[in-house]
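> Please read through the structure below; I'll follow up with questions.
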Amino acid sequence: MKRSVPFEIFRYAAILAAMAVTLVPILWMVSMAFKPIGEWSATGADLTWWPKQPTLSNFRFVFGESDNDLIVALDHTALKPILSSLLSAVFGTAIAMSAGTAAAYGLSRFGSGQNLPLALIQLRLFPPMAVMIPVMIMWAFLNLNDTWLGLALIYGIVTLPFAFWLMKTFFDDMPREIEEAALVEGCSRLRVFTRITLPMMRAPLASAALFVFILNWSDYLIALLLTTREWVTIPVYMASLSSSMTGQLYGAKAALGLIAAVPPVIIGIAIQRHLVRGLTFGALKQ
Amino acid sequence: MSAVTATISEDKMGARTKPATPDEGARLGFRLTLPAQILVLFISAFPLLMQLYISVTDWSPLSGIGWWNAWEMWNSFANYTDLAADARFWSALQRTAIVMLVCVPAEFLLGLALATLFADDFPGKRIFYSILLMPMMVVPAVAGYMFFMLFQSGGPVNDILSRIVGTPVTIAWLSDPNLALIAVMIADIWQWTPLMFLILLAGLVGVPEDQMKAATLLGANAWQRFITIVLPKMKTIIIIALAIRVIENFKIFDTLYIMTGGGPGVATETISVYIYKVTTQDLIWGYVAAIALAILIVLSIVAVYAMKRMTKAREVPA
């Protein structure tokens, strides 16, 4: 539809305003991450929007190398939290995707497990905080507390609904003719699924897995409750990053925050086409 | 149960799958859903029973006895009656409601406004779109830290205000009980308006072009077209978008907890934060179980209603 010139002016003005609001918090963190300790200032008088002397020392500190005597090195580096976040998110994604994809195919093609979709949405409705007491007790019993495996297992369950719904809408959309042709050729149903359907679904599978990975990577609450020291994840470690001499380690936290924020933002932009379906449990097809 | 599913799948598959026996498909289908069923059962049935059991006791992990022996600390329904009289619980619930009543409508209106601007093509659309979606992909805990920095008394927010007003502004956003909640809500709106924008835009592009053209020919102006064509077409999408944000907003924790820790005092203590504090600081898990179960029951009632709407929405072609 043709729009008038005043409308176009209004449109760009409004979008630029929205962009400014969107970007200021992000840019502030980026700028903090490259500021030397003297420019962290929280006192206001000498607030600097851009680092006057950009430095990588915050990133070096995060990885255990401190070139600034003012920073009392903490006895931990961020290497293990990064590893913990990666392991738990990747394996959690693997659990959610394998159980979710299989169930989605079973339901989409054979109508098995009719009660599953609603049970899965229900799982998502409840505040995680309200179901964590039994989980904490069970994990203690299974010796899964403070391990990346324990996190991976609970992440797999918590994101299962998203994996299931996303894959189900993909399977529902996939034409059955090719599968049927293979059946006529004498292929067993399981072979059809593993040799024909899954390879054909590579791209949707990748999108769904990346989507689930973002959700797992984003967790803070569950890791806060289930890890204490050994396998804390990036957000938990970030929150604890302060020392008695320097107080809040603004720059180091910003550097770590940047490291945590970059992967999901890149992945999210790459798979934005599938975000609507994923986040609305397939209730909305795009 | 397998007998039931077998009948359903036979009906569904019907003549389409002559070559393989219908039984083979039904059996495979059942097996494929099994891992997911087990995981769901693992995280729902047993934990719920455990929670129910602990909620009628005074059990705490510090009590020195295993949770299965919690009956030694039986207190019947004291936890539930305590809950009814727990002022901190009710004010946390009230605060959760306030946050929801401010944030969800704000996110909806801003998201709808943005979606309207993006409904047709214009130069730069794709890049603007990608940038505007960024906040929802930032890890919520990191977003919490961003806003923690922004709202420091010497931080950028006050700096911007100072430049506008002309005199130095030093508002202690996060340590003022009234302002802290506002700061938290601003962070939530920043992070989740993009989700509303994304969902509503998906709905908006689905509105048939020819109907809009016809209405324009009949002399309807933009506002009339919006009210008579766009809104009715988008009804289900709007319900879904609002439902998702209401549910997620009720759980608000990460961003808020990093920004304020629920403080100052209890000024930003929402339900999740309250439960978290009782769980990790007071360690009275019997009481926590009672709170959690009470919330689960109320939410289940809401959920059944919401899901009926959702399933209905799925049946109507959008």
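The values are calculated or read from the model by the stated rules, or taken from the named source; none is laboratory data. Keep in mind the model is a prediction, meaning the values are calculated, not measured. Glycine gets a Cβ as well: all are built from the backbone with ideal geometry, and neighbour counts include every protein chain shown. Note: accessible area is taken over every heavy atom of the protein model, side chains too, but ligands, DNA and RNA are not part of it. Shrake-Rupley method; radii C 1.70, N 1.55, O 1.52, S 1.80 Å.
> Kindly evaluate A:Phe193 against the criterion of being in contact (Cβ under 8 Å) with a residue 40 or more places away in the chain, buried (at least 19 other Cβ atoms within 10 Å of the Cβ) and closer than 27 Å to B:Glu248 by Cβ.
When the stated conditions are applied, A:Phe193 does not pass them.
> Among (1) crowded, with 20+ Cβ neighbours inside 10 Å; (2) farther than 22 Å from B:Ala183 by Cα; (3) not acidic (Asp, Glu), which single condition is B:Ile275 missing?
Every listed condition holds for B:Ile275 apart from (2).
> In addition: When the residues of segment B:32-83 are filtered to those that are farther than 11 Å from B:Ala289 by Cβ, assigned to a helix (DSSP H, G or I) and β-branched (Val, Ile, Thr), which remaining residue is farthest from the other protein chains (Cβ to nearest Cβ)?
The qualifying residue farthest from the other protein chains (Cβ to nearest Cβ) is B:Thr81.
> Also: Scan segment B:284-300 and tell me whether some residue there is out of contact with any Gly (no Cβ under 9 Å at 6 or more places or on another chain), within 28 Å of B:Leu181 (Cα to Cα) and at pLDDT below 85.
yes
> A further question on this structure: Among the residues that make up segment B:142-151, is at least one of them over 14 Å from B:Trp190 (Cβ atoms) and within 7 Å of chain A (Cβ to nearest Cβ)?
no
> Here is a further query. State whether the residues of segment A:77-85 include one that is in a loop (DSSP other than H, G, I, E, B), under 30 Å from A:Leu166 (Cβ atoms) and modelled with pLDDT under 90.
no
> Further, regarding this structure: Take the conditions open to solvent by 40 Å² or more (accessible area, probe 1.4 Å), under 19 Å from A:Ala13 (Cα atoms) and over 21 Å from the mean Cα position of the chain (by Cα) and apply them to B:Pro123. Does it pass?
Yes, satisfied.
> Please go through segment B:291-306 and pick out each residue that is aliphatic (A, V, I, L, M) and either open to solvent by 20 Å² or more (accessible area, probe 1.4 Å) or more than 10 Å from chain A (Cβ to nearest Cβ) (or both).
B:Ala294, B:Ile297, B:Val298, B:Leu299, B:Ile301, B:Val302, B:Val304, B:Ala306
> Can you tell me which residue is modelled with the highest pLDDT among those in segment B:201-212 that are assigned to a helix (DSSP H, G or I) and at the interface with chain A (Cβ under 10 Å from one of its Cβ atoms)?
B:Leu201
> Here's something else I'd like to know. Any idea which of (1) under 31 Å from the mean Cα position of the chain (by Cα); (2) open to solvent by less than 70 Å² (accessible area, probe 1.4 Å); (3) more than 21 Å from B:Asp120 (Cβ to Cβ) is the one B:Leu200 doesn't satisfy?
Status for B:Leu200: all satisfied but (3).
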